[in-house]
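Reviewing the structure listed below.
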Amino acid sequence: MDKIGIFYGTEKGLTAAMAQVMYRVLGDGIADAPVNVNQARVADLLQYQALILGVPSYGVGELPGRTTGSEEGNWEEFLFRLDEADLSGKRVALFGLGNQQKYYDRFASSLIHLYHYMVSYGAEVIGRWGTEGYHFTHSHAVIDQQFVGLVLDHHNQPELTKDRIITWLEQIKPALLEKLPQSH
């Protein structure tokens, strides 16, 4: 595809809302409308060379899905269907949600699972994000003092959400556009 694909898992709709904000910021000219992974086929994701993937936090930093109590399918079920896929040549940016006050000891830890899956399937994961401005004691999603993707805490820092999204998209957009077949 000649656009950026945006896919997300969601439980209560907040990850979907953040994906919609990203879509609006990027614009229809370079991104397709976000798709919930519980309604996506593997072929839907594989058609893109540049992707933004979003995950809610769940449990004790688990990958959201039916085994963790999700009412609908989520990343767990989608990644099971993606098994043995080759994502070599694809560039992927990740974002995750978390609540740093309530889950300060495992803040946004579900994001690390998506990161490990994408790397194991051969994708180039971009879009690390600094931990400055957050208040937590531990997150599995931190490698080398940075989150493996954008982390949003819309519950406790809603006033920072849009600026964080815009700043992160400005950082990753050139690398994602580089993967598209035609120049934008």
About the Cα centre, charge dipole magnitude for the range 81-184 (Lys/Arg +1, Asp/Glu -1 at Cβ), debye: 160
Local net charge near L169, Cβ-Cβ under 13 Å (Lys/Arg +1, Asp/Glu -1): +2
Assigned charges on the beta-carbon of Lys, Arg, Asp, Glu; the chain dipole about Cα centre (debye): 220
Relative contact order of the range 2-103, defined on C-alpha pairs under 8 angstrom at six or more residues apart (%): 32
Surface accessible to a 1.4 Å probe, per residue, for the residues of the range 92-164, Å²: 46
Residues of the range 1-82: accessible area per residue with a 1.4 Å probe, Å²: 41
GNM flexibility winner over the chain from A17, A108, A93 (Cα, springs under 10 Å): A17
Residues whose placed amide H lies under 5 Å from that of V125, excluding near-sequence neighbours: V92
HN-Hα J in Hz across the range 131-136 - Karplus 6.51, -1.76, 1.60, θ = phi - 60°, x for Gly and Pro: 8, 4, x, 10, 10, 8
Qualifying lysines (Cα of each under 23 Å from Cα of K179; at least 8 residues distant if same chain): K3, K90
Cβ-derived FRET efficiency at R0 22 Å, T68 paired with Q20, nearest 0.05: 0.35
Cα→Cβ-extended label distance, 7 Å offset, between M1 and K102, nm: 3.1
Portion, in percent, of the accessible area of the range 50-104 that falls on carbon or sulfur, probe 1.4 Å: 46
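The values are calculated or read from the model by the stated rules, or taken from the named source; none is laboratory data. This one's a predicted model, so the numbers in the text were calculated from it and none came from an experiment. Note that we place each Cβ from the backbone using ideal geometry, even for glycine, and neighbour counts take in every protein chain shown. Note: areas computed on protein heavy atoms with side chains; ligands, DNA, RNA excluded. Shrake-Rupley method; radii C 1.70, N 1.55, O 1.52, S 1.80 Å.
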